[in-house]
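Right, one structure below, let's go through it.
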Amino acid sequence: MTRVALITSGGDCQGLNAAMRGIGKALYNHIENLEVFGMFDGYRGLIDGDYKFMQPGDFAGILTQGGTILGTSRQRYIPGKDIVDEEGNSLIPAMKDTYNRLNLDCLVILGGNGTQKSAKLLMDAGMNVVTLPKTIDNDIWGTDTTFGFQSAVDIATNVIDYIHSTASSHSRVFLVELMGRDAGWLTLHAGIGSGADVILLPEIPYDINKVINAVEQRKKNGKSFTIIAVAEGAKSINDRVLSEEESRKKREDAGHSTISYEIAAQIEKATGQEARVTIPGHYQRGGPPCPYDRVLATQFGTAAAELIVNRQYGRMVAIQDGAIVSIPLEEAASKTKFLPTDHPLIRVARDIGVSFGD
């Protein structure tokens, strides 16, 4: 008997159900004696022993469904050390107890950058683990892309597309703030795909005077409006040394809830032109996965099942140069995949006149 538990951890995104469908269908097609446990609400289900038995029928009809049918949650993670509760008590012993009590052969964990790191801790604690990379931020090391990313790019691009008409009608500057606290992949792709005039990324600290100059230059060229795509983690050259908490406090003290509102106020003051902010927020993570993510998630799911059949644990499924591969989990968990400042797409954007505020 092979016993496998599925866990979706951290923030949800498009493609989680499609990936679980790929895992479940492939496992049931290749393993005769199989039990699949679906852990409810991420690691909480593993901690509390809260789960359901998943039959083949549970994997039907979920390819196009957004979110996760198992639910998800976030746990406090101490980098490289532990997963703890609110009082700082380690939760790993409870997880290992459930793992042993159910006589599991493997945990299949679907998650983002933080989840890969916490899954490494479970592996170090003696549990067999296979992981899949999901996040709209596309910041997981060792894979060219993650499922959820392209769906979010499609949504973010669509939002900016619709902003164009009202920005043009009212001759306004519009800032669209997109997700991406540490990495600017989503904002770069959506910014180029929607024709944004300015793109501000966490990896490229901006000079507000150069952003203002870009707005004023467009006015001189007869363009009455400007579209600025802003990653939520964008920082100015003056604030780049500040921590996330310090940056947030500085904004709040000035009466700005997010970085985009701060930039909008600075633009209005300098140019006299109205500046408005749109924040699609969790809308970017919702809804059905796009066809690309459905295919990618299915590929990742079947590859994870193959790893389990072959008892190749401690690995993360990935895509590299168009091929589905797997890499050691410790490698995936070792670092974050930031957007290189010399990335070809950044050069493309500069070539067509997009300003990065630098």
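Output the antiparallel fraction of DSSP beta bridges having both residues in the chain, as a percent to the nearest 5. Of the beta bridges lying entirely in the chain, close to 30 percent run antiparallel.
The helix-only estimate of mean residue ellipticity at 222 nm for the chain, built from DSSP H runs of length n ≥ 4 each weighted as -39500 (n - 2.57), is -12500 deg cm²/dmol after division by the residue total. Within straight cross-link reach of Lys250, meaning Cα distance under 25 Å, which lysines are found once same-chain residues fewer than 8 apart are removed? The reachable lysines, counting only those whose Cα sits under 25 Å from Lys250, are Lys210, Lys235, Lys269. Positive contributions from Lys and Arg (+1) and negative ones from Asp and Glu (-1), summed over other residues with Cβ under 14 Å from the Cβ of Thr298, come out at +2.
Each residue of segment 232-238 is assigned a 3J(HN,Hα), and the resulting list reads 4, x, 4, 9, 7, 4, 7 Hz, derived from the Karplus form 6.51 cos²θ - 1.76 cosθ + 1.60 (θ = phi - 60°), x at Gly and Pro.
Of Phe147, Phe53, Phe300, the residue with the greatest mean-square motion in the GNM of the chain, using alpha carbon springs below 10 Å, is Phe53. Helix 149-170 and the longest principal axis of the Cα set of the chain meet at an angle near 20°. Using a Gaussian network model of the chain in which every pair of alpha carbons under 10 angstrom is joined by a spring, one finds that among Lys96, Lys117, Lys219 the greatest mean-square fluctuation is at Lys219. In degrees from 0 to 90, rounded to the nearest 10, what is the angle of the helix 16-30 Cα long axis to the longest principal axis of the chain? With both axes taken from Cα atoms, the answer is about 30 degrees.
Residues in segment 1-154 average 37 Å² of solvent-accessible surface per residue, probe 1.4 Å, ligands and nucleic acids excluded. With a cut-off of 9 Å between beta carbons, the residues surrounding Gly112 carry a summed charge of -1, where Lys and Arg count +1 and Asp and Glu -1.
Length, then width, then depth: along the principal axes, the Cα atoms of segment 31-152 run 38, 36, 24 Å. Between Lys335 and Ser171, what FRET efficiency comes out of the Förster formula 1/(1 + (r/R0)^6) with R0 = 35 Å and r the beta carbon distance, rounded to 0.05? Between Ser171 and Lys335 the formula returns 0.20. Counting only Cα atoms, segment 51-119 measures 40, 27, 19 Å along its principal axes, largest extent leading.
Under 18 Å from a point placed 7 Å out from the Cα of Glu244 along the Cα-to-Cβ direction: which residues of segment 155-193 have their backbone N that close? Output list for this probe position: 177-187. When the solvent-accessible area of segment 121-212 is split by element, carbon and sulfur atoms take up 45 percent of it, the probe being 1.4 Å.
Val211 sits among other residues whose Cβ lies under 13 Å from its own Cβ, and their net charge, with Lys and Arg +1 and Asp and Glu -1, is -2. According to the Cα-based calculation, Rg over Rh for the chain is 1.03, with Rh computed by the Kirkwood formula. If you take the Cα centroid of segment 130-188 and the Cα centroid of segment 259-278, the two points sit 21 Å apart. On a per residue basis, segment 201-341 carries 50 Å² of accessible surface, using protein heavy atoms and a 1.4 Å probe.
Within the listed set Met95, Met39, Met316, the residue fluctuating most in the Gaussian network model of the chain (springs between alpha-carbon atoms under 10 angstrom) is Met95. Axis of helix 259-271 versus longest Cα principal axis of the chain: the two differ by about 10°, to the nearest ten degrees. Ignoring lysines fewer than eight residues from Lys120 along the same chain, the ones with Cα atoms less than 20 angstrom from its Cα are Lys81, Lys96, Lys134, Lys335, Lys337. Averaging 1/r across all pairs of distinct Cα atoms in segment 127-207 and inverting the result yields a Kirkwood radius of 14.0 Å. The modelled label-to-label distance for the pair Gln312/Asn221, using points 7 Å beyond Cα in the direction of Cβ, is 4.9 nm.
The values are calculated or read from the model by the stated rules, or taken from the named source; none is laboratory data. Everything numeric in this text was worked out from a predicted model, so none of it was measured. Note that each Cβ is placed from the backbone with ideal geometry, even for glycine, and that neighbours are counted across all protein chains shown. Note: areas computed on protein heavy atoms with side chains; ligands, DNA, RNA excluded. Shrake-Rupley method; radii C 1.70, N 1.55, O 1.52, S 1.80 Å.
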